[in-house]
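Worksheet for the structure shown next.
Values quoted throughout were computed directly from the atomic coordinates according to the rules given, and no laboratory measurement underlies them. Values in this document were obtained by computation on a predicted structure and should not be read as measured data. Backbone-built Cβ (ideal geometry, glycine too); neighbour counts: all protein chains shown.
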Amino acid sequence: MIKVFKNFKKKDYFIMLICVILMVSQVWLELKIPEFMSKVTSLVQTGSGDIGEIMVQGGFMLLCSFASLITAVIIGYFAALLSASLSLKLRSKIFNKVESFGMQEIRKFSTSSLITRTTNDVTQIEMTVAMGLQMMIKAPIMAVWAVSKILDKSVEWSALTGIGVLILLATISTILIIVIPKFERVQKLTDKVNGVTGEHLNGIRVIHAFNAEKYQEDRFEEVNNDLTKTQMFNQRMFSIMQPVMMLVNHSLTLGIYFVGALLISEAGMLDKITLFSNMVVFSSYGMQVIMSFLMLALIFMMVPRAQISAKRINEVLEEENTIKEGKFNGKTDVEGEVEFKNVTFRYPDADENIIENISFKANKGETVAFIGSTGSGKSTLINLIPRFYDVTEGEILIDGVNVKQYKESALHNKIGYIPQKAVMFTGTVKENVTYGDSGKGKVSEEAVKEALKVAQAYDFVSKMEDGVNSHIARGGTNVSGGQKQRLSIARAVARKPEIYIFDDSFSALDYKTDLNLRKELKKYTKDATNLIVAQRIGTIVNADKIVVLDKGKCVGIGTHKELLDTCEVYKEIALSQLSKEELENA
């Protein structure tokens, strides 16, 4: 929790100091009220004061109450300002930290957990800070000051107040010992609920198509019931606090008046008036002490959960990135050259290598394709180039420099990446095509249109209501799979990179569109290096070099015709898609 408060700036601590000063003033004002009440009581009992003097004392009481209200409003405003400022900084830090994560860190935390930590956990801290600044500081000041006011009034009344405080502390401590372990479980179950909900929304069409609504409902019901039961247990435990506090509160009041009645009945006439006045004051101060502990109890209900939330947030912020950024700015004499030297890769905590001892070189202007059966490591191999993961052994060179030495922005500016699953963002067609920063300045509208034409997307975009300014829904739900792929390709083309990476980016296209797209790409990207992962032989048949993978190992490198003669794995894949005549004419 202390680490979280390091996000406050100097001016925030200055505001906190102002809040503390105002709280001391507020406590002083509230504790002055019983003193004026005592004077009013004495004036009424002795009959020594006229109605005007009583009204003056009553006026002071009202003035103190109004001033206390004003200070409370100011403190509340500053507390809200500080807590909102802290949550803003925390969310920003978490977001920026997650942006720097590699795939290994994302997998470690899970998407649903990161969302919960950014929203729910930060909200818990925000509420605790807002309430804590108003109560956690005020309550101890109030309790100590009020106790100092009543210590010399009566041993019996002081003992009653002490017993009441001990009962409250025992109750609060017992409840916290039982409940604190449950708070961490609540946050983890919240992660699960978010995970199941997200999965349900992402797969809604499949769920409907397979009549799996009941199955999904049961899954959600299970995690939701677990969360509800845990929350209900916590709330039931905390619900014990309220009646105990009310019981102590009322019992203390009755005890003070009962003891006071006994003391007054045994005292002389002058002492009776003093004792009665003291009893009125003591009951007020006694209530102030109890109210202080009531405020602390409310904070104690929030602090443990905020502590767990702070721990979860710190886990994200303190996570050490496995991908270390280099310092090289990307300026080289060579352009578009990609070389793998004895590259081996194994996923973290995996027992076997996914790819093993891969070596090849792609020169500027060449098209290098990768083919193999499902699970052979094609996508994994090219995902090592933009450093989504780092190699386990060997090295990858871009323009003669190890990718680990590059600044991330410099490395990514050299690459136009088209993922296996096309990703669209909320916005317009133009915003999706010009997405990101290529380091080459703003992309013109003409360049957008040119990229769309190369990607065979201009025809359907021009038919949309607002052309390139037409809206694209989140995830591209208002366009087809093939259209998303073409827009994704247009995004890479608009960057004009040195190296294009196509990760099975033509799979949703019909053969005619695929053929036309490859023809246009060949013209447009003739000076760039093209790395293509494909399932179709037709897509890569004209590649300068084809790398054949089988179970993570390279079993052949060459042209289409060379591999038909030398690589049995490639020949099997080719014959499964095309006839002998088609292969000969390819």
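In summary, the aspartates and glutamates within cross-link reach of Lys229, defined as a Cα separation below 19 angstrom excluding same-chain residues under 8 places away, comprise Glu184, Asp191, Glu217, Asp218, Glu221.
First obtain the Kirkwood hydrodynamic radius of segment 458-539 from its Cα pairs, then insert it into the Stokes-Einstein equation at 25 °C and 0.890 mPa s, and state the resulting D in µm² per second as a whole number. Show your work: numbers first, answer last.
Details: Rh = 13.7 Å.
Rounded to a whole number, D works out at 179 µm²/s.
Here each label is just a point 7 Å from Cα along the line to Cβ, and for Ser25 and Ile204 those points are 5.3 nm apart. For Gly372, nonlocal amide neighbours, meaning residues 5 or more places apart or on other chains whose placed amide H falls under 5 Å from its own, are Leu549.
Available extension along the chain between Gln577 and Lys9 is 198.0 nm, counting 0.36 nm per residue and deducting the alpha carbon span.
From the largest down, segment 423-569 spans 52, 30, 26 angstrom on the principal axes of its Cα atoms.
Does segment 59-170 come out rounded, prolate or oblate, given a ≥ b ≥ c as the square roots of the eigenvalues of its C-alpha gyration tensor, rounded meaning a/c under 1.5 and, failing that, prolate meaning a/b above b/c? Verdict is oblate for segment 59-170. Of all the stretches in the chain, which is the longest one without any exposed loop site, taking GluC sites (Glu not before Pro) in a DSSP loop (any state but H, G, I, E, B) with at most 13 other Cβ atoms within 10 Å? With GluC sites (Glu not before Pro) excluded where exposed in loops, the chain gives 1-317 as its longest stretch.
Working from the Cα coordinates of segment 133-207, the gyration tensor eigenvalues give, after taking √(5λ), semi-axes of 50, 15, 7 Å in decreasing order.
On full extension of the chain, what length is gained from Val423 through Leu69, given 0.36 nm per residue of separation minus the C-alpha to C-alpha distance? Each step should come with its number before you reach the end.
Working: separation 354, 0.36 × 354 = 127.44 nm, distance 5.40 nm.
Between Val423 and Leu69, full extension yields 122.0 nm more.
In the chain, the DSSP-assigned H stretches of four residues or longer account for a calculated mean residue ellipticity at 222 nm of -21000 deg cm²/dmol, using -39500 (n - 2.57) per stretch and the full residue count as denominator. Excluding same-chain neighbours fewer than eight residues apart, the aspartates and glutamates reachable from Lys421 by a Cα-Cα span under 12 Å are Asp503, Asp504.
Neighbour counts of other C-beta atoms within 10 Å: give me Leu578, Leu509 arranged from fewest to most.
Numbers: Leu578 17, Leu509 22.
By the 10 Å Cβ count, ascending, the order reads Leu578, Leu509.
If I take R0 = 25 Å and measure r between the Cβ atoms of Thr477 and Asn516 in this structure, what FRET efficiency does the formula 1/(1 + (r/R0)^6) give, to the nearest 0.05? Rounded to the nearest 0.05, the efficiency is 0.45. Across segment 162-293, the convex hull enclosing all Cα atoms gives 109 Å³ per residue. Size check on segment 287-427: the Cα extents along the three principal axes, sorted descending, read 84, 36, 35 Å. Modelled spin-label separation between Gln231 and Ser359, with each label point placed 7 Å from Cα along the Cα-to-Cβ direction: 6.0 nm.
Candidate cross-link partners of Lys97 among the lysines, defined by an alpha-carbon separation under 20 Å and a same-chain spacing of 8 or more, comprise Lys3, Lys6, Lys9, Lys89, Lys108, Lys311, Lys324, Lys327, Lys404, Lys407.
Determine the sum of side-chain charges near Thr332: Lys and Arg each +1, Asp and Glu each -1, restricted to other residues whose C-beta is under 12 angstrom from that of Thr332. Intermediate values should be presented prior to the final figure.
On the way: positive: Lys331, Lys364, Lys414; negative: Asp333, Glu335, Glu337, Asp399, Glu498.
With Lys, Arg at +1 and Asp, Glu at -1, the net is -2.
Distance between the modelled labels on Arg185 and Leu62, one decimal in nanometres: 5.5 nm (7 Å Cα→Cβ projection).
Computed from backbone phi, the HN-Hα couplings of segment 204-220 come to 4, 5, 5, 4, 5, 5, 9, 6, 9, 4, 5, 4, 5, 4, 5, 4, 5 Hz, rounded to whole numbers (Karplus: 6.51 cos²θ - 1.76 cosθ + 1.60, θ = phi - 60°; Gly and Pro given as x).
Near Arg305, once Lys and Arg are set to +1 and Asp and Glu to -1 for all other residues with Cβ below 15 Å from its Cβ, the sum equals +2. Where the alpha-carbon atoms of the chain are placed on the principal axes, they occupy 124, 45, 45 Å, in descending order. For segment 200-358, the alpha-carbon radius of gyration amounts to 2.25 times the rule-of-thumb value 2.2 N^0.38 Å expected for a compact globular protein. What is the Cα centroid distance between segment 453-504 and segment 530-544, reported in whole angstrom? Between the Cα centres of segment 453-504 and segment 530-544 lies a distance of 21 Å. One chain, two ends: Glu393 and Thr374. Fully extended at 0.36 nm per residue, the span grows by 4.5 nm beyond their Cα-Cα distance. For segment 468-554, trypsin sites (Lys or Arg not before Pro) meeting the loop criterion (DSSP other than H, G, I, E, B) and having at most 15 other Cβ atoms within 10 Å: Lys526.
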